[in-house]
Number of protein chains: 4
Amino acid sequence: MSDKIRVGVNGYGVIGKRVADAVRVQPDMELAGVSDVTTDYRIKTAAVLDLPIFASLPEKAAEMQAAGVPVLGTLDDLLGRIDVVVDCTPKGIGAKNLARYRAAGVKAILQGGEKHDVAGHSFVAQANYASALGRDATRVVSCNTTSTVRTLGALKDAGLLRKARGVLIRRATDPWEADHSGIMNTVVPEAHIPSHQGPDAQTVLPDLDVLTVAAKACHTQCHLHYWIVELTRTASRDEVLGAFRQAPRIAMVRASDGIVALNSTVELMRDLGRPRGDLWEVALWEDVLAVHGHEAIYTYQVFNEAIVVPETIDAIRALAGRMTDGAESIALTDRALGMRRDFLIGRETADDGADERSAGA
Amino acid sequence: MSDKIRVGVNGYGVIGKRVADAVRVQPDMELAGVSDVTTDYRIKTAAVLDLPIFASLPEKAAEMQAAGVPVLGTLDDLLGRIDVVVDCTPKGIGAKNLARYRAAGVKAILQGGEKHDVAGHSFVAQANYASALGRDATRVVSCNTTSTVRTLGALKDAGLLRKARGVLIRRATDPWEADHSGIMNTVVPEAHIPSHQGPDAQTVLPDLDVLTVAAKACHTQCHLHYWIVELTRTASRDEVLGAFRQAPRIAMVRASDGIVALNSTVELMRDLGRPRGDLWEVALWEDVLAVHGHEAIYTYQVFNEAIVVPETIDAIRALAGRMTDGAESIALTDRALGMRRDFLIGRETADDGADERSAGA
Amino acid sequence: MSDKIRVGVNGYGVIGKRVADAVRVQPDMELAGVSDVTTDYRIKTAAVLDLPIFASLPEKAAEMQAAGVPVLGTLDDLLGRIDVVVDCTPKGIGAKNLARYRAAGVKAILQGGEKHDVAGHSFVAQANYASALGRDATRVVSCNTTSTVRTLGALKDAGLLRKARGVLIRRATDPWEADHSGIMNTVVPEAHIPSHQGPDAQTVLPDLDVLTVAAKACHTQCHLHYWIVELTRTASRDEVLGAFRQAPRIAMVRASDGIVALNSTVELMRDLGRPRGDLWEVALWEDVLAVHGHEAIYTYQVFNEAIVVPETIDAIRALAGRMTDGAESIALTDRALGMRRDFLIGRETADDGADERSAGA
Amino acid sequence: MSDKIRVGVNGYGVIGKRVADAVRVQPDMELAGVSDVTTDYRIKTAAVLDLPIFASLPEKAAEMQAAGVPVLGTLDDLLGRIDVVVDCTPKGIGAKNLARYRAAGVKAILQGGEKHDVAGHSFVAQANYASALGRDATRVVSCNTTSTVRTLGALKDAGLLRKARGVLIRRATDPWEADHSGIMNTVVPEAHIPSHQGPDAQTVLPDLDVLTVAAKACHTQCHLHYWIVELTRTASRDEVLGAFRQAPRIAMVRASDGIVALNSTVELMRDLGRPRGDLWEVALWEDVLAVHGHEAIYTYQVFNEAIVVPETIDAIRALAGRMTDGAESIALTDRALGMRRDFLIGRETADDGADERSAGA
């Protein structure tokens, strides 16, 4: 196994548990363990799944053991066994942990909750895999920013993007939250315009003319984005859709198939047997997208719990420096996860998608 | 009383019951009665309030009587006693009723659910009161369109409007609906871009460059609009806010006052003692509005159950032809209802607002 | 005015603002002022309504003034002008304030959030008005407990109550809350059986055989109670309904009138013109109640924001000692507020209800 | 394959698609195909999964083909290839289909939406597997009734059950519904007491003294039941819990593990890698259950989309008559699905559970 990238996940929460799942299905990676500080069902399921469990804080080890969590050691022990750590701790903790990772000589991936300056590099595979090669740390941007870079990046690569304005209708809290963290029967607009996602996309694609506003709606799963895009020229629907089809990790859905809302797509993922019902792709409504002259308007769905997982897998490879071609890493990740370019047409998989891309390149 | 405009309301539902309330507080109107076909609590409350009740369909009269609703007669009897009827029946019924109203020589106001062509005229007081004078029928446009005309009309009147793109986050159903008419834990984007509200605004302001998209979120009260507006020139925040302040029926709210969401404003209306907690004004977030160069971005709240009520009152006067000055009717309506230009600053009422407007005119 | 009971309200929140409204419409009371520590729209509406405003904490006075809230003085100044203070501060604060009220020689009413032992007396008007006469303090029990005492007390007074088991389906947070205090798309059962409401009812009616369980559902307005009651004997529906009709502050609703859910009743209150749409009565479903042999099963609605308001008004009179007959105070309170024994039948008011009660006594 | 039970599923909806999944993992069954009439994503996912697809109505075949659904034939063709059909069509259709199944000589399983009299037999594996052996048809009772029979049956088998009263807090609609079938921000009590679930349990366990009331709350996944049970004698918590542990398909959850609400358990299922995140067991809160003297009160969760699936698998075996011992079928079904007696303790599986049961027998 020594030729595999040894990966550890610090923080077994919404993102951490999904990254652990994804690492385990990569042919070139092994999961050395996960670490956390909790004693509840979240970490106990890791035990049921026989994952090696470590205590992120030494002082928590005894408490976890007492609660029946089989703790193998502390985070330092885990760091001693891995090449790359994926920090999935709550916002702000990752920044504190980075020095510790560096001291242990372990490459580190932070999540979008951390500021760009902490790692000094923000990552979206299709946009800047190469610039992360061999770095000691990077930040995988947030779910909303990842989807923005994937889609606006697609239009940019096709030479179609001049200016983009986005309205983000965000989910209020995650579906499992039961401790009064939600909003009820209302919509909460952010008190500041523009919202942070626009500028955040510029940490990956600096020259975008992008601006976003955001509101929280009272649902628990997935964000819906609307984009009003000024194109560089008059274009047809097919040209715009073609640009999205050339890009990785954008899959088409259609209202004409009965995919009419966020929860339709969530059900579709369950029907397709996706682990946890996850949607890693940007789900873009092909038959809703409209183009008038040099203006394109479209909407897509962001599955906030999982969309950054494939980017995180690619970021592991980039930091490990084992694979220099980003497109190769993307294709490998997508094949291992079973990602698709279209959920219902034929048997089209991400693998075909990869061919499509090279054909299109 | 013969010098008062005699008004009847056909359809005692969400809009009808509010129009009946508003007519009763107008110094120059009298409510001759309301008509409906139901036997449930809605119409029974009209009896508790001692409103004259009529049966919209003769065949329903007996059933209503049997249910304890004191029916005074049929819709024809009501039509015989009034100058203007406000049709608040379900979408599509108003179109069928219009011929009957005309045959009875009664002027008619239809709601936004009907097509523009049915009445041949669509109404928003500040925009086209004069063109409705003496007509036999008009249509008060829908809640979303009314708010669009009020706000874009304000920018247009100030010479600031070039192009407007709106994203509407709509409520799914009304707060009282209990019979499985709602959506749950999702957002439903409309399957067609653009949505109908943009073109509908052009029935009142034909030369607007406006386009809208819309999604339903899973809350029950009020729509939230986001607008991205291209101005005719570089302008300051104060210029844009000034344009809104000059226009009627736009009231400012501030996140800094704790008005941070749709339900904050709803609670504010209850705190102010508004009947039914109604918000007739467009509630625009003063401290969220942003202007960058010649681009303005802002958000406001539309209380869909009540926003068209003041327009309906003005439409009654316009059709009756008793008052030729729209600004005079608007001021009278707003004073009678107790509308405000700002909900929290000082004692500022719509009346002051009216002065402000003439001062500003 | 010196012959009126001078009342102050400390804490202008959900309950406080309603108590202030109710005091202002009582013929034998005057509102000397309200005090709070906030600077947001809640207290600013008190200014718009011209209520005398005081700062609950001296150090907050300047901040409130700076925010535009016209502060007349501190809580001590208010205490110097009143006979009775109604403490509507957050849970736990009232207990801290009691000593201060006593030191000022002001009688005090605490809310149900405080423990029984703090005031040493828990109050529900129909059950124990007399025992509160002349006391220096009492606690008006919580919304759920108030409804339990009203309804089980009615069955007890009719000699029908042996044992009662209740299942409470509670609202998760108040309708105005926008700051992530809600639960979403779930039901949260309390982790302990029995829940506290049963024992709490025994602080007012010590000999009840009552036990409750409770769960939070994801709606924002009103609790729904189900009760399974073992009667002392076989009884008819009419006997059980008659017992409820004899008791004050229980009003009947009927599914056959279209009152089919919590939000139907909320809409009914808006339709009846209730201030803030408040429901002070227990709304009991007359046509859903079932009696089989000596078992009665029924469901009713508790409007948590307002149901304790009439009890609080009676508690003010009891502490002030001006009116010795509880039934007289209840009748006066209910008439002043416009409470009803039935919302839709005829013009039946609480006044008639009072007659009905004496007739039934 | 000829020695396997050949199964067809008519109706590929919420239940049908899950039954199809479950049949495919049974060692003694093969899925001959599924039939439906739709053309949307639901049936298209069946094609992506390579399931043999038939048209339930001949006239729909062409339309389905045109929509890209690979239709192999009609329902009659499917009936010609199977031993048992599981009818998962909408309520009322199954009753119409039964004659057709009988005419084709195919044994049939109907769902709980149909009346007991249609099949003349209602099925819950642990209660009456034997009485279904060799029958030509049976009805698998609804999700709520299945959970009631599992839990009250457990108390009955332990000789502890005298009388049971249940309050059911139901989900309003399924999580994927986006077409206005939901209720919003309310609770809807059933207009009749008792609700139908109590009597329905008596179609399987005729001598139960059971009565239920039910309300719909505004969430989309899982029902919560509260039960107030009069025991035949004074018992301890351990005795009552022991009775539940002896019975199949009841798994314990604990608030102390952070399983504090319906959505906690749903997340736990996703974390455990359950297909579609399904929960087939009754999830009973071990540390919330209370016993006072001869009264037991407890709450559990019913995953309405999946709980009847294992019962359906057992019903297939019972009708096919291949396996005469119900306990053997239950153990086989549970092992094939990966059901558990406890989700977090050790590696305890349904298999161990089976041993546990025989040990306990």
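Residue under question is C:G134, and the condition is that it be in contact with a helix residue (DSSP H, G or I) (Cβ under 9 Å, 6 or more places away or on another chain), within 14 Å of another protein chain (Cβ to nearest Cβ) and of a type in the set (G, A, S); does it hold? Break it down stepwise before answering.
Values: in contact with a helix residue (DSSP H, G or I) (Cβ under 9 Å, 6 or more places away or on another chain): yes; within 14 Å of another protein chain (Cβ to nearest Cβ): no; of a type in the set (G, A, S): yes.
No: the conditions fail for C:G134.
Taking segment A:53-64 as the range and being in a loop (DSSP other than H, G, I, E, B) and in contact (Cβ under 8 Å) with a residue 24 or more places away in the chain as the test, only A:S56 passes.
The single residue among C:A46, C:A67 that is within 24 Å of B:L268 (Cβ to Cβ), open to solvent by less than 10 Å² (accessible area, probe 1.4 Å), out of contact with any helix residue (DSSP H, G or I) (no Cβ under 6 Å at 6 or more places or on another chain) and in contact (Cβ under 8 Å) with a residue 24 or more places away in the chain turns out to be C:A46. The conditions of being within 13 Å of chain C (Cβ to nearest Cβ) and touching a Cys at 6+ places or on another chain (Cβ under 8 Å) are not met by B:H223.
Residue-by-condition table, conditions (1) open to solvent by less than 20 Å² (accessible area, probe 1.4 Å); (2) modelled with pLDDT under 95; (3) on the phi > 0 side of the Ramachandran plot:
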position	(1), (2), (3)
C:V124	yes, no, no
C:S131	no, no, no
C:G134	no, yes, yes
C:V140	yes, no, no
C:T151	yes, no, no
C:L155	yes, no, no
C:L161	no, no, no
C:R170	no, no, no
C:H192	no, no, no
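Among the residues of segment A:256-296, the ones that are of a type in the set (G, A, S) and either assigned by TED's automatic domain parsing to the domain that holds A:V14 or under 21 Å from A:R171 (Cα atoms) (or both) come to 4 in all.
Identify all residues within segment C:289-324 that are among the acidic types (D, E) and either on the phi > 0 side of the Ramachandran plot or out of contact with any Phe, Trp or Tyr (no Cβ under 8 Å at 6 or more places or on another chain) (or both); write none if there are none.
First pass over segment C:289-324, keeping only residues among the acidic types (D, E): C:295, C:305, C:311, C:314.
If the condition is that a residue be among the acidic types (D, E) and either on the phi > 0 side of the Ramachandran plot or out of contact with any Phe, Trp or Tyr (no Cβ under 8 Å at 6 or more places or on another chain) (or both), then C:E295, C:E305 are the ones that fit.
When segment D:213-229 is filtered for residues that are farther than 19 Å from D:R150 by Cβ and either in contact with a Gly (Cβ under 8 Å, 6 or more places away or on another chain) or open to solvent by 10 Å² or more (accessible area, probe 1.4 Å) (or both), the ones remaining, listed by number, are D:V213, D:K216, D:C218, D:T220, D:Q221.
Quick one: would you say B:A32 is part of a helix (DSSP H, G or I) and free of Cβ contacts under 8 Å to residues at least 60 places away in the same chain? No. Here B:R270 fits the description: open to solvent by 20 Å² or more (accessible area, probe 1.4 Å), of a type in the set (D, E, K, R) and facing chain C (nearest Cβ under 9 Å).
Only a single item in (1) open to solvent by 10 Å² or more (accessible area, probe 1.4 Å); (2) closer than 30 Å to B:R42 by Cβ; (3) more than 7 Å from every other protein chain (Cβ to nearest Cβ) is not met by C:D179, and it is number (2).
The test for being surrounded by fewer than 24 Cβ atoms within 10 Å (Cβ to Cβ) and within 18 Å of A:L319 (Cα to Cα) holds for A:G120.
Can you say whether C:D278 is farther than 28 Å from C:V85 by Cβ and at pLDDT 95 or above, as far as the supplied structure shows? Steps first, please.
On the way: farther than 28 Å from C:V85 by Cβ: no; at pLDDT 95 or above: yes.
Answer is no for this residue.
Please specify each residue of segment B:90-106 satisfying the condition of being outside any loop (DSSP other than H, G, I, E, B) and surrounded by fewer than 24 Cβ atoms within 10 Å (Cβ to Cβ). Selection gives B:I93, B:A95, B:K96, B:N97, B:L98, B:A99, B:R100, B:R102, B:A103.
Being more than 14 Å from chain C (Cβ to nearest Cβ) and out of contact with any helix residue (DSSP H, G or I) (no Cβ under 9 Å at 6 or more places or on another chain) is the filter here, so list the residues in segment D:284-321 that pass it.
Step one: filter segment D:284-321 for residues more than 14 Å from chain C (Cβ to nearest Cβ), giving D:305-321.
Matches in segment D:284-321: D:A320, D:G321.
Among the residues making up segment B:182-202, those that are touching a residue at least 24 places away in the same chain (Cβ under 8 Å) and more than 14 Å from chain C (Cβ to nearest Cβ) are B:V188, B:P189, B:E190, B:S195, B:Q197, B:G198, B:D200, B:A201.
Could you tell me whether A:A318 is outside the structural domain of A:T148 (by TED's automatic domain parsing), out of contact with any Leu (no Cβ under 9 Å at 6 or more places or on another chain) and either assigned to a helix (DSSP H, G or I) or free of Cβ contacts under 8 Å to residues at least 60 places away in the same chain (or both)? Show your work before the answer.
Values: outside the structural domain of A:T148 (by TED's automatic domain parsing): yes; out of contact with any Leu (no Cβ under 9 Å at 6 or more places or on another chain): no; either assigned to a helix (DSSP H, G or I) or free of Cβ contacts under 8 Å to residues at least 60 places away in the same chain (or both): yes.
Answer is no for this residue.
Output yes when any residue across segment D:172-180 is within 24 Å of D:T232 (Cβ to Cβ) and over 19 Å from the mean Cα position of the chain (by Cα), and no when none is. No - not one qualifying residue is present in segment D:172-180. Quick one: is C:T203 in contact with a His (Cβ under 6 Å, 6 or more places away or on another chain), β-branched (V, I, T), crowded, with 18+ Cβ neighbours inside 10 Å and not assigned by TED's automatic domain parsing to the domain that holds C:A331? Criteria met by C:T203. For segment D:237-253, the condition of being within 14 Å of chain A (Cβ to nearest Cβ), farther than 30 Å from C:V229 by Cα, surrounded by fewer than 22 Cβ atoms within 10 Å (Cβ to Cβ) and touching a residue at least 12 places away in the same chain (Cβ under 8 Å) holds for none of the residues. Looking at A:G8, A:G16, just one residue is surrounded by 18 or more Cβ atoms within 10 Å (Cβ to Cβ) and in a strand (DSSP E or B), and that residue is A:G8.
The values are calculated or read from the model by the stated rules, or taken from the named source; none is laboratory data. Since this is a predicted model, take the numbers as computed values, not measurements. No Cβ is skipped: glycine too gets one built from the backbone with ideal geometry, and neighbour counts run over all protein chains shown. Just the protein is used for accessible areas: all its heavy atoms, side chains included, with ligands, DNA and RNA removed. Shrake-Rupley method; radii C 1.70, N 1.55, O 1.52, S 1.80 Å.
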